Amino acid sequence: MRVLIVEDEVRLARNIATFLRERANYAVDVSADGEDGLHMATTNPYDLIILDLMLPKIDGWNVLRRLRAGGKDTPVLVLTARDATGDVVRGLEEGGDDYLTKPFEMAELAARCKALIRRGHGRAAPVLRIGPLDINTSARKVTLDGRVVALHAMEYRLLEYLAMRAGQIVSKGDILEHLYDFDTENFSNVVEVYVSSLRRKLDPTSRRRLIHTIRGAGYRLGDVEP
Amino acid sequence: MRPLTLKGRLSGLMALALALVITAFAIIVYQETKELFRKQADQSLTAMAGATDEVLRDSDASQWPAELSSLLPPGRHADILVRIWKDDADQAVYTSPRAAVDWKAAIASLPKPREGQSRFFSTSLGGQSYRGIWWRTASDRSINIMIAQTAKDFESELRELLGDLMWIGAAVIAAMVVVVILLVRIGLRPIHGAACQLVHIDAHNLADVAMAPQNVPGELTPFVESLRQMLNRLDEALRRQKAFIADASHELRTPVAVAKSTIQTTLAESRSADQYRQSLQETLEDLRRMEHLVDELLLLARLDEAADASPGQPVQLDHLLVELADSFSPPVAQSGGRLMCSISPAAVAGDYGQLARLFSNLLDNAWRHGPKGGTIYLTAEVQTDQVVVTVKDDGGHIPPEALSRLFERFFRVDGSRASSTGGAGLGLAIARQIVLRHGGTIQITSQPASGTQVLVTLPLTHIQDEAE
């Protein structure tokens, strides 16, 4: 999952980014003003945008309006330092999905992010179930036939993304865009590498195929959705 | 003592005025009636005296008593006294039967009319009051006729009249008081209505009260209008206060949020000693920011509190500015800029600490918002009775729409609240409050070509020589 933080309080943005990378295993990009944030939000496929309302250049409400006017459906979590209901209401009416008032608990922020991302992918349950596979997005725990599978961060990130879109064909480009932020270097066959290591851990005997390779199109977790 | 209610006052005054009018009316009626009675009595006395004179002239002296008693109205002999005498004789020619009266003393006490004339008199005879006439014939006959008629009839009638007037007057006054109280109550109903509206006013609906001046009588218009204006001013002040508190809490929330996020993120995983140290340093920085903000808020509150402060001590402004310039020069030079000063000696009355804060805020602004590596000019010159201090940078530009709002609390040109540009937007608000307290003026002009200039004027004072 990839998240964009638009917040002019640089250290707050950096702390949120660190927390989400470490505790939620998200790829996180940071922008410090409305103009840059809007540009990043429209040119990259984020799973969630965390948006401060008081921003230099373009304020948060305007960013939201233009984002929604441009047809972007990305869930937006609004941050505000004012508890004036007017600000919050305006934020939600311009297309925000949820809000948090500063100062907030980082754990709560992370929980809201997870919930918004789930909803953004049309899922309500925190545990994604694909055949014998259970992916608990809250605890970041994967079990296969009830047995815990130990995954690396990038492996989990890939599996969570595929699971969110289970039954759909996900292109390599899509996977790359949702797994990596601008700060992280990646290499050309990174997707193949992580897909094969995931396959080894989830299906060591290759008896049941959970991750399907669709030639020339990408990958699909689980069977085709009816 | 509490003043009377308006209702009581109006009712009382109107009742008093009515009582005076009615009493005056009663007195006039009484006096006029008395005068009328007297005139009637005098007419009848004149008639009687004339008739008596005719009897004396036309008939023989032996017939006088019979003739004269026939003149008197029947049954009134007891009330009318008659005495007739000649000028040269003390002895009366005729005295009415019942006149057991000391005529001599009465005659001696009365002014004597001229011959051929008559004179009316009021006197007391034998313990009763009388109205009488003294009639003197011409000198050829020199006869005096004195007729006195008791006044007790009309006196008793007058007493009766007086009694009537008094109770009727009292009844009328009492009735009028009741009517007046009712009328005043009806008349003052608009005030009562306005007061009822005021009852419902509290901090939340100050400006909502429908105190339209056109809904009250003309006399109340200035009162209601000034009340309405006062309510509006209060509402405005309250609104500003609320906005200020909201802004202040917002300003405090941001550093709290940053510090909290730093601590929670750091604690989320186990970190290296360097990372912990860095987190602590960052948190300290946030705490300093909060401390600075709280200081500024307190200073503003204190400046607001004592808007009419005493003039304070004489401050040698040039010394203060030179000291400030000395402390500002090194950091400015370090960032590649320059601070140019031209300071004339000047003394102003005020608070040294506040004046230092004022000019340090202005220099700080010029340094932070002016172009990097630019020159800051600090000048102070004396113009007649004031000193003009300017702080100018050579390139920083403030858009015109922001210029008018610069002195607002928490206003920042870039609109965001990030710490990167520095303060919380209170520096100029504080500067303005300090200037106002020192009886001065402050204005800011900004041109893209020449930069931003802040111009402060302060009234001069004279430092007394220590020798004096």
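All of the numbers you see were taken from the coordinates with simple rules; none came from a lab. Because the structure is predicted, anything quoted here is derived from the model rather than measured. Reconstructed Cβ throughout: ideal geometry from the backbone, glycine too, with neighbour counts over all protein chains shown.
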Problem set entry | Label zone at B:Val29, where the point sits 7 Å out along the Cα-to-Cβ direction: the stretch B:137-170 residues whose backbone N lies under 13 Å | B:160-170
Exercise. Based on the inverse mean of 1/r over its pairs of different Cα atoms, what is the Kirkwood hydrodynamic radius of the stretch B:256-327, in Å?
Worked result: 16.1 Å
Problem set entry | Other-chain or far-sequence residues with amide H under 5 Å of B:Val93's (modelled H) | B:Ile84, B:Trp85, B:Lys86
Exercise. Which value does Rg/Rh take for the stretch B:310-459 over its C-alpha atoms, Rh per Kirkwood?
Worked result: 0.95
Exercise. Once you put a point 7 Å from the Cα of B:His204 and another 7 Å from the Cα of A:Asp223, both along the Cβ direction, what distance in nm separates them?
Worked result: 6.0 nm
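Just need the relative contact order of the stretch A:1-57 here, percent rounded to a whole number, with Cα pairs under 8 Å and 6+ apart.
Relative contact order, the stretch A:1-57: 50 percent.
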Exercise. Based on the Cβ-Cβ distance from B:Ser69 to B:Ile168, what FRET efficiency comes out when R0 is 56 Å, to the nearest 0.05?
Worked result: 0.85
Seminar exercise, completed: Total charge of the residues flanking B:Leu6 in space, meaning their Cβ is under 14 Å from its Cβ, with Lys and Arg +1 and Asp and Glu -1, is +4
Exercise. Can you give the Rg and Dmax of the stretch B:286-368 based on its C-alpha atoms, in angstrom?
Worked result: 14.9, 42
For this session: Just need the relative contact order of chain B here, percent rounded to a whole number, with Cα pairs under 8 Å and 6+ apart.
Result: 10 percent
Problem set entry | Angle in degrees between helix B:6-58 and the longest Cα principal axis of chain B, rounded to the nearest 10 | 20 degrees
For this session: Please turn the phi angles of the stretch B:333-348 into ³J(HN,Hα) values with the Karplus equation 6.51 cos²θ - 1.76 cosθ + 1.60 (θ = phi - 60°), one per residue in order, whole Hz, x for glycine and proline.
Result: 5, 5, 8, x, x, 9, 10, 9, 10, 9, 10, 8, x, 7, 10, 10
Exercise. For B:Gln197 and B:Asp364 in the same chain, what is the full-extension length gain: residue separation times 0.36 nm, less their Cα-Cα distance, in nm?
Worked result: 55.0 nm
For this session: Please work out, to two decimal places, the log10 of the ratio I(q)/I(0) at q = 0.13 Å⁻¹ from a Debye calculation in which every Cα of chain B carries one identical scatterer.
Result: -1.17
Seminar exercise, completed: Ranked on Cβ counts within 10 Å of their own Cβ, fewest leading, B:Cys196, B:Cys341 go B:Cys196, B:Cys341
Problem set entry | Difference of contour (0.36 nm per residue) and Cα-Cα distance, B:Gln334 to B:Arg119 | 65.0 nm
Exercise. Over the Cα atoms of the stretch A:1-127, how large are the radius of gyration and the largest Cα-Cα distance (Dmax), in Å?
Worked result: 13.1, 40
Seminar exercise, completed: The long-range amide H neighbours of A:Lys141, using H built 1.01 Å from N in the peptide plane and a cut-off of under 5 Å, are A:Asn136
For this session: Rounded to the nearest 10 degrees, what's the angle between the helix B:427-437 long axis and the longest principal axis of chain B, both from Cα atoms, 0 to 90?
Result: 40 degrees
Exercise. Which GluC sites (Glu not before Pro) from the stretch A:172-220 combine a DSSP loop assignment with at most 10 other Cβ atoms within 10 Å?
Worked result: A:Glu185
Exercise. Using a Gaussian network model of chain A with C-alpha springs under 10 Å, which one of A:Leu151, A:Leu128, A:Leu12 is most mobile by mean-square fluctuation?
Worked result: A:Leu12
Seminar exercise, completed: Excluding residues fewer than 8 positions from B:Lys86 in its own chain, the lysines with Cα under 23 Å of it are B:Lys104, B:Lys112
Exercise. Using DSSP loop states and a limit of at most 15 other Cβ atoms within 10 Å to flag trypsin sites (Lys or Arg not before Pro), what is the longest stretch of chain B containing no flagged site?
Worked result: B:142-270
Exercise. Along the principal axes of its C-alpha atoms, what lengths does the stretch B:227-361 span, in descending order and rounded to whole Å?
Worked result: 59, 53, 24
Exercise. Give me the Kirkwood hydrodynamic radius of the stretch A:94-219 in Å, from all C-alpha pairs, to one decimal place?
Worked result: 16.0 Å
Seminar exercise, completed: The base-10 log of I(q)/I(0) that the Debye equation returns for the stretch B:150-198 at q = 0.15, 0.17, 0.32 Å⁻¹, one scatterer per C-alpha, is -0.60, -0.66, -1.01
Exercise. A:Val148 versus A:Lys201, label points 7 Å from Cα toward the beta carbon: distance in nm?
Worked result: 1.3 nm
For this session: Return, ordered by residue number, the residues of the stretch B:1-35 whose backbone nitrogen is under 19 Å from a label point located 7 Å along Cα→Cβ of B:Ala175.
Result: B:14-27, B:29
Problem set entry | the protein assembly as shown - Rg over Rh from alpha carbon coordinates, Kirkwood radius | 1.49
For this session: Convert 20 °C to kelvin, take the viscosity as 1.002 mPa s, use the Kirkwood radius over C-alpha pairs of the stretch B:168-268 as Rh, and evaluate the Stokes-Einstein diffusion coefficient in µm²/s, rounded to a whole number.
Result: 116 µm²/s
Exercise. Can you give the FRET efficiency for B:Ser450 and B:Arg288, using 1/(1 + (r/R0)^6), R0 = 45 Å, r = Cβ-Cβ distance, to the nearest 0.05?
Worked result: 0.80
Seminar exercise, completed: A correct fewest-to-most ranking of B:Ile245, B:Ile376, B:Ile263 by other Cβ atoms within 10 Å would be B:Ile245, B:Ile263, B:Ile376
For this session: Report, ordered by chain and residue number, the lysines lying within cross-link reach of B:Lys392, taken as a straight Cα distance under 30 Å and ignoring same-chain residues fewer than 8 apart.
Result: A:Lys57, B:Lys372
Seminar exercise, completed: Treating every alpha carbon of the stretch B:2-127 as one equal point scatterer without solvent, the Debye formula yields log10 I(q)/I(0) values at q = 0.09 Å⁻¹ of -0.45
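State the percent of C-alpha pairs, over all pairs in chain A, separated by a distance greater than 27 angstrom.
Values: 8684 of 25425 pairs.
Value for chain A: 34 percent of Cα pairs lie more than 27 Å apart.
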Seminar exercise, completed: The answer for the net charge of residues other than B:Lys104 whose Cβ lies under 13 angstrom from its Cβ, with Lys and Arg +1 and Asp and Glu -1, is -1
Exercise. Can you give the calculated 222 nm mean residue ellipticity of the protein assembly as shown, where each DSSP H run of n ≥ 4 adds -39,500 (n - 2.57) and the sum is split over every residue, rounded to the nearest 500 deg cm²/dmol?
Worked result: -16500 deg cm²/dmol
Exercise. How far, in degrees from 0 to 90, does helix B:352-369 lean away from the longest principal axis of the Cα atoms of chain B, to the nearest 10?
Worked result: 50 degrees
Seminar exercise, completed: Between A:Leu55 and residues 5 or more places away or on another chain, the pairs with built amide H atoms under 5 Å apart involve A:Gly60
Problem set entry | Total charge dipole magnitude, the stretch A:2-120, about the Cα centre, Cβ charges on Lys, Arg, Asp, Glu only, Debye to nearest 20 | 320 debye
Problem set entry | Full-stretch length increase - B:Glu323, B:Glu155 - with 0.36 nm per residue and alpha-carbon distance subtracted | 50.1 nm
For this session: Give the cross-link partners of A:Lys141 among the aspartates and glutamates, using a straight C-alpha distance below 13 Å as the criterion and excluding same-chain residues fewer than 8 apart.
Result: A:Glu155, A:Glu160
Problem set entry | Estimated distance in nm for a label pair at B:Arg228 and B:Glu305, the labels positioned 7 Å out from Cα along Cα-to-Cβ | 3.7 nm
Exercise. Percent relative contact order of chain A, based on C-alpha pairs within less than 8 angstrom and at least six residues apart?
Worked result: 17 percent
